[in-house]
């Protein structure tokens, strides 16, 4: 039982490049999330998906797009990376029915130069 | 939208003493309040949560209290140990935005042996 799996773990991009962060969960959770974590600012919600086929903006969605490919997978895309997007990105999932807390992935450390 | 504030940002205590972290939230409709612990370089992990229909919840050395009238909730750690050293995040979500969990900025706790 892997829980929430994120890839890649580390990535360096040049300004203007694009990339997709992948996330998959094997817990049959309905809800999935993308957060970014910056020093002193906690975890800020980028986008979330309450169920397969739906996505909604969080606190800081600008510069990102998401796709809920199926119930298991929720990807985050940076179309044109900027240095301000240097951060640690966490994917998480949650069981809506049980109302429990998140299960987080191990994170992706992204540096944009 | 929901806003969660957290104090203090850093906290140092002697081993064996108690630690208290306080959070306030803005959305009176919030009804779920989890706490996460994040050790250096690792993912956040749920340590305790409370729902708006109870005022206090305990789990061994950890307790959380909720004051709905004042819109604040607190984490209490008793008999602190060096392994309690970590960053702690509070969070809140509401019935109206059930899937949108908003985090506080975090408290860095250091337990001095």
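Descriptive notes on the structure:
- Every residue from the range A:1-47 that is in a strand (DSSP E or B) and within 19 Å of residue B:92 (Cα to Cα): A:31, A:32, A:33, A:34, A:35, A:36, A:37, A:43, A:44, A:45, A:46, A:47
- Screening B:41, B:1, B:16 for residues that are touching a residue at least 24 places away in the same chain (Cβ under 8 Å) and closer than 21 Å to residue B:111 by Cα leaves exactly one candidate, B:16.
- Within the range B:1-29, tally of residues that are within 23 Å of residue A:40 (Cβ to Cβ) and in a strand (DSSP E or B): 15
- The numbered conditions (1) more than 13 Å from the chain's Cα centre (by Cα); (2) facing chain B (nearest Cβ under 10 Å); (3) under 17 Å from residue B:44 (Cβ atoms) are all true for residue A:32 except (1).
- Residue within the range B:76-85 that is closer than 28 Å to residue A:58 by Cβ and touching a strand residue (DSSP E or B) at 6+ places or on another chain (Cβ under 6 Å) present: no
- Test: residue in the range B:64-76 that is outside any loop (DSSP other than H, G, I, E, B), more than 12 Å from the chain's Cα centre (by Cα) and more than 14 Å from chain A (Cβ to nearest Cβ): yes
- Answer residue from the range B:30-53, given it is in contact with a strand residue (DSSP E or B) (Cβ under 7 Å, 6 or more places away or on another chain) and not in a strand (DSSP E or B) and is surrounded by the fewest Cβ atoms within 10 Å (Cβ to Cβ) among those: B:39
- Applying the criterion of being at pLDDT below 95 and outside any loop (DSSP other than H, G, I, E, B) to the residues of the range A:48-67, the residue that is nearest to the other protein chains (Cβ to nearest Cβ) is A:48.
- Failed condition for residue B:51, given (1) closer than 15 Å to residue B:21 by Cα; (2) within 14 Å of another protein chain (Cβ to nearest Cβ): (1)
- Of all residues making up the range A:68-113, the number that are within 13 Å of chain B (Cβ to nearest Cβ) and either surrounded by fewer than 21 Cβ atoms within 10 Å (Cβ to Cβ) or closer than 19 Å to residue A:22 by Cβ (or both): 23
Quick grid of which residues meet (1) surrounded by 14 or more Cβ atoms within 10 Å (Cβ to Cβ); (2) closer than 13 Å to residue A:77 by Cα:
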residue: A:12; (1), (2): no, no
residue: A:15; (1), (2): no, no
residue: A:21; (1), (2): yes, yes
residue: A:25; (1), (2): yes, no
residue: A:31; (1), (2): yes, no
residue: A:46; (1), (2): yes, yes
residue: A:49; (1), (2): yes, no
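- The single condition among (1) over 16 Å from the mean Cα position of the chain (by Cα); (2) modelled with pLDDT of 95 or more; (3) within 14 Å of chain A (Cβ to nearest Cβ) that residue B:87 does not satisfy is (1).
The values are calculated or read from the model by the stated rules, or taken from the named source; none is laboratory data. Since the model is a prediction, treat every value here as computed from it, not as a measurement. Virtual Cβ from ideal backbone geometry, glycine too; neighbours counted across all protein chains shown.
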